[in-house]
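Mind looking over this structure? Questions follow.
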Amino acid sequence: MEKPYSPCFLCNQSRRTQPARQFLYNQIPRVKGLLTLDVGCGTGVITPELATYTSHATAIGIDIDSTILAKAINRNKSTNLHFLLADATALPFRANLFTFALSHFTLMWIPKRMKALSETFRILCSKGILAAIEPDYSGRIEARNSSPKQGLPPQSSLIKCLQNLGADPFSGSQLPADLSIVGFTNTRFGVLSWEFNKIGAHKEILGEAALLKTQGIQWDLPTFTFTPIFWVLASKP
Ligand SMILES: C[S@@+](CC[C@H](N)C(=O)[O-])C[C@H]1O[C@@H](n2cnc3c(N)ncnc32)[C@H](O)[C@@H]1O
């Protein structure tokens, strides 16, 4: 089934979460010779960041979708960036290799999320860090002029639509517990905050309406929405 994220959508989304990623990168020890992994790198809009915090870092982006990966390869020509067609649930790397791994809006799209997490745990070296950024629609707010602000009912159109497309809309709040099950420790997590931008927020609502339309769902357009996005940091003992 075709996935709903266009290159333009991924670019806008990555812009919104940039300050949070900077915070996550600041937690990584600054040593030379880092090898970093972008799990589900998509169009590779974020992968270069994983190679820039030391002049000696090498970043590898992996993705299961060859069409989207081709965009990442075309976009990034630097010699310290590499891209590989690979499944996050069966990573083609030896154990204890990477210092840092990032998953940005990827885990929600992987039905075998625990397998992907245990694979990431395996390829990280001791003290290696996993950072993830994932939304959670259970705490989403939608406001309409006609009705008071309210959280989404569990069977909302948007939640059903994401589930139909193969996503887990509730991955964000689940991640800290999932990480400890596969063996990660020192888990820290929080929810992103940002300033609401009227034009950007309206564009996002129109994007969601378009997504729902692809599923034949008519939507009573909200005037305001908020989706909690979780950040999580954890390390391998
Ligand atoms: C919403 S996109 C996010 C892309 C990128 N991380 C970003 O933020 O721009 C989710 C990505 O996860 C990839 N993906 C889904 N399942 C995967 C799997 N099992 N292994 C690797 N990549 C996967 C998809 O192909 C897609 O590119």
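As an exercise: evaluate H56 against (1) more than 9 Å from the ligand (Cβ to nearest atom); (2) in contact with a helix residue (DSSP H, G or I) (Cβ under 9 Å, 6 or more places away or on another chain); (3) farther than 13 Å from H104 by Cβ and give the number of the one condition it does not meet.
Of (1) more than 9 Å from the ligand (Cβ to nearest atom); (2) in contact with a helix residue (DSSP H, G or I) (Cβ under 9 Å, 6 or more places away or on another chain); (3) farther than 13 Å from H104 by Cβ, only one is false for H56: (2).
Among the candidates T185, T214, T225, which residue alone is within 21 Å of the chain's Cα centre (by Cα) and closer than 26 Å to G166 by Cα?
T225
Write out, first by first residue and then by second, each pair whose Cβ atoms fall under 9 Å of each other, whose residues are 6+ apart or on separate chains, and whose first residue, in the stretch 69-87, is at pLDDT 95 or above while the second is open to solvent by 60 Å² or more (accessible area, probe 1.4 Å) and among the polar types (S, T, N, Q).
Close Cβ pairs (under 9 Å, with a partner that is open to solvent by 60 Å² or more (accessible area, probe 1.4 Å) and among the polar types (S, T, N, Q)) amount to L85/S66.
Here is a further query. Among the listed residues L175, L192, L211, which satisfies the condition of being over 22 Å from Q18 (Cβ atoms), surrounded by 13 or more Cβ atoms within 10 Å (Cβ to Cβ) and not basic (K, R)?
Unique residue meeting the criteria: L211.
Please verify whether the stretch 195-217 includes one or more residues that are part of a strand (DSSP E or B), of a type in the set (S, T, N, Q) and closer than 19 Å to Y5 by Cα.
no
Could you tell me whether any residue of the stretch 59-76 is touching a strand residue (DSSP E or B) at 6+ places or on another chain (Cβ under 7 Å), open to solvent by 60 Å² or more (accessible area, probe 1.4 Å) and away from the ligand (no atom under 12 Å from the Cβ)?
Checking the stretch 59-76: at least one residue is touching a strand residue (DSSP E or B) at 6+ places or on another chain (Cβ under 7 Å), open to solvent by 60 Å² or more (accessible area, probe 1.4 Å) and away from the ligand (no atom under 12 Å from the Cβ).
Considering the stretch 179-212 alone, what residues qualify as being of a type in the set (D, E, K, R) and modelled with pLDDT of 85 or more?
If the condition is that a residue be of a type in the set (D, E, K, R) and modelled with pLDDT of 85 or more, then R188 is the only one that fits.
Restricted to the stretch 59-96, and to residues that are under 20 Å from the mean Cα position of the chain (by Cα) and of a type in the set (S, T, Y), which residue is nearest to N26 (Cα to Cα)?
For the stretch 59-96, the residue satisfying everything is T89.
Restricted to the stretch 23-48, and to residues that are over 20 Å from L192 (Cα atoms) and more than 16 Å from the ligand (Cβ to nearest atom), which residue is least open to solvent (accessible area, probe 1.4 Å)?
Filtering the stretch 23-48 for residues that are over 20 Å from L192 (Cα atoms) and more than 16 Å from the ligand (Cβ to nearest atom), the one least open to solvent (accessible area, probe 1.4 Å) comes out as L34.
May I pose another question? Quick check on Q13: is it within 15 Å of the ligand (Cβ to nearest atom) and free of Cβ contacts under 8 Å to residues at least 24 places away in the same chain?
no
The values are calculated or read from the model by the stated rules, or taken from the named source; none is laboratory data. Computed from a predicted model, the values in this text were never measured in an experiment. Every residue, glycine as well, gets a Cβ built from its backbone with ideal geometry; the counts of neighbours run over all protein chains shown. Accessible surface areas use protein heavy atoms only, side chains included; no ligands, DNA or RNA. Shrake-Rupley method; radii C 1.70, N 1.55, O 1.52, S 1.80 Å.
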